[in-house]
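Just below is one structure, and these are the notes that go with it.
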Amino acid sequence: MPEPSFRRARARRILTIGLGLATVAGLSLTAVSAQAAEPTTPVPHSKPGWLSKATRLGDAAGSTKATAKVYLAPKGGLDALKAAALAVSTPGSPSYGEVLTPAQYRARFAPTAATVRSVEAYLEHAGLTVTGVEASNRYIAVSGDVAAVQKAFAAPIGRFRHDGRTVQAPTAALKLPRSIADLVSSVTGLDTTPHLAKPAAATPTPPDAGFRNARPMSTGYGSLAAKYQADFKTPLPKFQGKTLPYAVSGYTGPLLRAAYEGSTRLTGAGVTVGIVDAYASPYIASDATHYATSHGDGGYRRGQLTQVTPPASAYQYLSECDAGGWYGEETLDVEAVHAMAPSADIRYYGATSCDDPDLLAALAKVVDQDKVSIVSNSWGSLGETGSADSVAAYEQVFLQGALEGISFLYSSGDSGDDLAASGLKQVDYPESDPYVTSVGGTSDAIAADGSLLGRTGWGTVKYSLSKNGKAWTADGFTSGAGGGSSSLFNKPAYQDGTVGGSARQTPDVSALADPTTGFLVGQTQTFSDGVYYDEYRIGGTSLASPLFAGLTALAFQKAGHGVGLLNPTIYRAKRAFTDVTATFPDAGNVRADYANSENASDGILYSVRLFGQDSSLPVTPGYDNVTGIGTPNPKWFNAVK
């Protein structure tokens, strides 16, 4: 089934007209043949970055089927589009705040019909079949065999064993004739490795499997010392000579508003926050209402929470995507935004799967509808190389959003420097893109009265209780806020004077993310005794992104408008962010977890979770790769001009 914004191309045939000149897509074969004879230009990011780590199995057979999407460059060129997006988003620029409607954007920047015809003609001349053109001319979809692909793009296609899969992909950068290359920004799909995004929420087990936290727990940070196990008889050992507190049961909206918002009366009224994830929870309306009314956030008025989703038959329930895990992600995102901005509208966009093309389609719908001011995204791909061929496609959405006054936030990831997860120190994508705001993570010590006792960067090292219950045994690094230096992007101008080096650094800002000091969320889950609503503590930068989205909704309410790309405002308003330090009330907390995730029938597992141990990423004065420039304080609500 075609995507809603996708129109099928009419079947085209080579015709004989006039003086007998054959044409392809309205262009003469002479013109198309001349294009094919031009010097070629490489297509950016079209050579997969993983080739050196894969096992080559040989060349792909010429008759093997292939499909691709050829993304078209914006009218006027990508550089002009980027300049316009930055100008609209940068305070002090003559065009600051002069946002466009979707129709105005398309008239000014969308690829023209002539561009579409030229690229179609070239592709068809090579032997590919045009199967459709995206409604806003973002891309041309083609199909054919490998022989036609190799003719069109002047690059061999090989077979590889990569990430446990047999895939086919270009063995070198794709090339196009210069006149066609100028019209093309990217080509996706020829590398058949699935680019599957993962939700960043850090939970011990997928929420859909039924999870709840074991007791004992502190009600506010540090309220219960971990002297004994759950029977309150069996002693727990001290950690490095000190008795640590039990982890909190999970912070709720009132505590987080007290810690982050101070005495403001702003509520996000009049602002709409967008959320993009994969799939859509069938329980979100009842779960969100149950949670909000139970924890002091207030219920939802009619129409305040909206799901924008495709027909149920369009969903692709890929096993690698874990739809139930995405239900938990949506629930977290919605409840976290509402906790920080109880009066803001929330508009949820559910992609048909967690694969790049489907998430891109959902993001495109966001900017084409233009109904939101800020979009929280709590997902991404591990590393930057896997999604490199999709960068141009993502960026055109982000840039269109900036010109329409829409801000995009992305969680920075939950694997620290990524070394333990991937074998490489790297950052993730899309959070590393300079046209989004990357949100890192913190550990927050919030007392039962809402006072902030301490805050540091999120990074967890785990120690488990020994079998004899007398000592703590080191297990190593488990998770932490992602960040570091991009291998794809140079340092943007808005980071000048704040970060060193020549590369884009992430994250930009931060908010609560540590699961040990996490957020209480309520969700319908599947337990061994039935399907019903329950609550559990959760964290990850999946939490930090919607929290910051909610806080930014308050800033937009005060200003009366959004700003597009947030980063120029963020880096000019450093006083609106509190620098995060490496100090904290305790070295760690003790956590109790049910062995079976539901109840104590199979025992309770005890562990110490240390704070501020984010792989190789340190928390330092000023900017750092765990917390960015810091966490928002109430001055943020006056920073948008």
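The values are calculated or read from the model by the stated rules, or taken from the named source; none is laboratory data. Not measured: the values here are computed from a predicted model. Here Cβ is always computed from backbone atoms with ideal geometry, including for glycine, and neighbour counts include all displayed protein chains. Only protein heavy atoms, including side chains, enter the accessible area calculation; ligands, DNA and RNA are left aside. Shrake-Rupley method; radii C 1.70, N 1.55, O 1.52, S 1.80 Å.
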Query - Pair list, Cβ < 8 Å and 6+ apart or interchain, from segment 115-130 residues that are closer than 11 Å to residue 177 by Cβ to residues that are charged (D, E, K, R) and open to solvent by 10 Å² or more (accessible area, probe 1.4 Å) - result: 126/151
Report task. Quick one: which residue in 67, 115, 131 is open to solvent by 60 Å² or more (accessible area, probe 1.4 Å), at pLDDT 95 or above and either in a strand (DSSP E or B) or on the phi < 0 side of the Ramachandran plot (or both)? Result -> 67
Report task. Among the candidates 469, 476, 497, 450, single out the residue that is farther than 30 Å from residue 359 by Cβ, part of a strand (DSSP E or B) and more than 16 Å from the chain's Cα centre (by Cα). Result -> 476
Query raised in the report: Does residue 234 meet the test of being within 32 Å of the chain's Cα centre (by Cα), closer than 29 Å to residue 517 by Cα and either surrounded by fewer than 19 Cβ atoms within 10 Å (Cβ to Cβ) or acidic (Asp, Glu) (or both)?
Result: no
Report summary line: Those residues of segment 526-585 that are touching a Gly at 6+ places or on another chain (Cβ under 8 Å), over 28 Å from residue 100 (Cα atoms) and open to solvent by less than 30 Å² (accessible area, probe 1.4 Å) come to a total of 11
Report summary line: Of the residues in segment 143-194 that are β-branched (Val, Ile, Thr) and in a strand (DSSP E or B), the one that is farthest from residue 121 (Cα to Cα) is 166
Query raised in the report: residue 352 fails exactly one of the following numbered conditions: (1) in contact with an Asp or Glu (Cβ under 8 Å, 6 or more places away or on another chain); (2) among the β-branched types (Val, Ile, Thr); (3) more than 25 Å from residue 315 (Cα to Cα). What is the number of that condition?
Result: (3)
Report task. Within segment 221-277, track down each residue that is on the phi > 0 side of the Ramachandran plot and in contact (Cβ under 8 Å) with a residue 40 or more places away in the chain. Result -> 222, 240, 250, 262, 268, 270
Query raised in the report: Restricting the search to segment 50-86, which residues are closer than 14 Å to residue 392 by Cβ and basic (Lys, Arg)?
Result: 69, 82
Report task. Can you give me the number of residues within segment 390-435 that are part of a helix (DSSP H, G or I), in contact with an Asp or Glu (Cβ under 6 Å, 6 or more places away or on another chain) and open to solvent by 10 Å² or more (accessible area, probe 1.4 Å)? Result -> 0
Report task. Test residue 140 against the stated conditions and say whether it is part of a helix (DSSP H, G or I) and either open to solvent by less than 10 Å² (accessible area, probe 1.4 Å) or more than 30 Å from residue 518 (Cα to Cα) (or both). Result -> no
Requested in this report: Mind listing whichever residues of segment 41-64 are of a type in the set (Ser, Thr, Tyr) and open to solvent by 70 Å² or more (accessible area, probe 1.4 Å)?
Outcome: 52, 55, 63
